[in-house]
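Report on one structure; see the data block that follows.
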Amino acid sequence: FFAAADGLGSIAIDTTQLNMSVTDPTAWATAMNNLGMVPVGLAGQQLVTDSICVPGFDPSLSMMTGITPINPMIPGMGLVPPPPPTDVPVVKEIIHCKSCTLFPPNPNLPPPSTRERPPGCKTVFVGGLPENATEEIIQEVFEQCGDITAIRKSKKNFCHIRFAEEFMVDKAIYLSGYRMRLGSSTDKKDSGRLHVDFAQARDDFYEWECKQRMLAREERHRRKMEEDRLRPPSPPAIMHYSEHEATLLAEKLKDDSKFSEAITVLLTWIERGEVNRRSANQFYSMVQSANSHVRRLMNEKAAHEEEMEQAKESFKNALTGILTQFEQIVAVFNASTRQKAWDHFSKAQRKNIDIWRKHSEELRNAHSEQLMGIRREEEMEMSDDDSGDNPSKKLRVDDSALAAQAYALKEENDSLRWQLDAYRNEVELLKQEKGQLYRTEESLTKDQQLQFLQQTMQGMQQQLLSIQEELNNKKSELEQAKEEQTHTQAMLKVLQEQLKSAKELAEINGHDESQANEINVLTVALVNQDREKNSEKRSPGLKSEKEALLIGIISTFLHVHPFGANIEYLWSYMQQLDSRV
């Protein structure tokens, strides 16, 4: 929908008036007063640094100097300035154009809000334009941000501007919040506050999708090339069997340089099933040719083994020479540690000599063990060869001075190893003794803890037994009380029945009331007697005054502690009152 305004890109603008002199404080204050705004910024102070200003509006890059525009694609020379620090407020400057003037917003106000940037956005929405603003004036202002491909202006003081590249949109967003005034007029229709925001256009999204698809194709192609480069090479193609090819293959099998390739072809033919009654003789000859290479391979193996033996011998000789030099170095260190020379060294020198001596001894022991291992392997091989009665390797035994020196080194190495084993045994014994002492201390503490726990367990068991005995006594008393109660109830029932029967007989026989009274007196006496017996059994009297005093003290103590108290706590309280408790 920007096609109608494509012709506006050829409009030439006189940029000789694009100077931004803000060093004159009176001009700055006059311009801000004309817009009805309070001047901000100090007198004579540059309101924005060169690194924050948009390069297109920099007076040093005026078009009147004839400097060609900067290519935005060169690294480090882009028109988009680096983003300023978030904690430093950006102070914008006045922008003078040919037909209008742009005054910056108050830096104390929050930055203007913008919507989320659409992918591939090249179009901006510009609102708050003056009513008398034309497309030429809009292009004059925003062409400094970059090449404009289309402008679509509405009748309601807003427009859409599409740029050639995405980075130009960031420069246009920089102008959001500026107050635009046409010429020097103070008319309301000639001024307005700009609001620049990202716009969502179908053309931008389509171009972005095309670019993404192109990048995806390039990525797929790059991955395919990488996979092809890392893929292992394919095996060579195997020709089909024919008599002519079989003749050529038989010649290749006889050649040592082409044997590996030919044997692969022969194996493939046999696995394919090319062997039949007609071609069996030809295949047999080829198999026989392959078998003839076994002797050659064994000879090559023997030659390589001989080379390996020679290399081992040279290595062993070199190692022996290194070991002798190590022995000499260790002898030098041992001589240096004797009292004649040792007293003349300083403390730091003694420390270094001691460290060097230990290090050289460790290296000498390691090399001697390696040499002894090689000799043991040779002795084992020689013993195996002796058992096999091979006279060719018996001749390798040498009784020269080198062998004698090696034997002496072997004995010295064995003695050192025995000393090392003795030291290790002593260290292990010391560790064991220390561990036993530590274990005895631990066992003593554990035994004491076990004794304390056993004593506490016994005390708790005794308390539990006493409580169980008391509980059993209470249960037996309760059962006796229940039995007595049932007995008294049965007695009452019997007496009541007797009383009723006596009354009936008295009425029938005409006895007098004196007999009935006597019966009542007898029943009441029996009941009272039973009750006295029950009370005597239920509440036996206290034995002494001491027990009564103890019961009173304990009841008073428990009254002070309504939620109960520990037995030990109660006993300590009673012992303070009377130590004989």
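The values are calculated or read from the model by the stated rules, or taken from the named source; none is laboratory data. Note that this is a predicted model, so its numbers are computed, not measured. No Cβ is skipped: glycine too gets one built from the backbone with ideal geometry, and neighbour counts run over all protein chains shown. What goes into the accessible areas is simple: the full protein's heavy atoms, side chains included, and nothing from ligands, DNA or RNA. Shrake-Rupley method; radii C 1.70, N 1.55, O 1.52, S 1.80 Å.
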Residue order for PHE557, PHE452 - accessible surface, 1.4 angstrom probe, largest first: PHE452, PHE557
Using protein chains only and a probe of 1.4 angstrom, how many square angstrom of TRP342 are accessible, to the nearest 10? 60 Å²
Leaving out ligands, DNA and RNA but keeping every protein chain, what accessible area does ILE329 have, in Å² rounded to the nearest 10, with a 1.4 Å probe? 80 Å²
Accessible surface of region 243-309, 1.4 Å probe, proportion on carbon and sulfur as whole %: 51 percent
For LYS482, which lysines qualify as cross-link partners when the Cα separation must be under 29 Å and same-chain residues fewer than eight apart are set aside? LYS474, LYS493, LYS500, LYS533, LYS537, LYS543
Heavy atoms only, 1.4 Å probe, whole protein assembly: order SER154, SER260 by accessible area, highest first. SER260, SER154
Over 32 Å between alpha carbons, listed pairs LYS98/LYS156; LYS98/LYS122; LYS92/LYS155; LYS446/LYS475; LYS156/LYS211; LYS316/LYS358: LYS446/LYS475; LYS156/LYS211
Below 8 Å, C-alpha to C-alpha, sequence gap of six or more: please give me the relative contact order for region 243-309 in percent. 34 percent
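Using only the heavy atoms of the protein chains and a 1.4 Å probe, how would TYR573, TYR407 rank by accessible area, largest first? Spell out each step's value before the answer.
On the way: TYR573 85, TYR407 130 Å².
The ranking, largest first, comes out as TYR407, TYR573.
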Take the alpha carbon atoms of region 227-241, find their center, do the same for region 99-144, and report the distance between the two centers in whole angstrom. 64 Å
Fully extended, how many nm does the chain gain between ILE329 and SER314 (0.36 nm per residue separation, minus their Cα-Cα distance)? 3.1 nm
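Using packing as a proxy for protection, rank 477-483, 278-284 so that the peptide with the highest average count of other Cβ atoms within 10 Å comes first.
278-284, 477-483
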Round to the nearest 10 and report in Å² the accessible area of GLU136, as given by a 1.4 Å probe over the protein chains' heavy atoms. 100 Å²
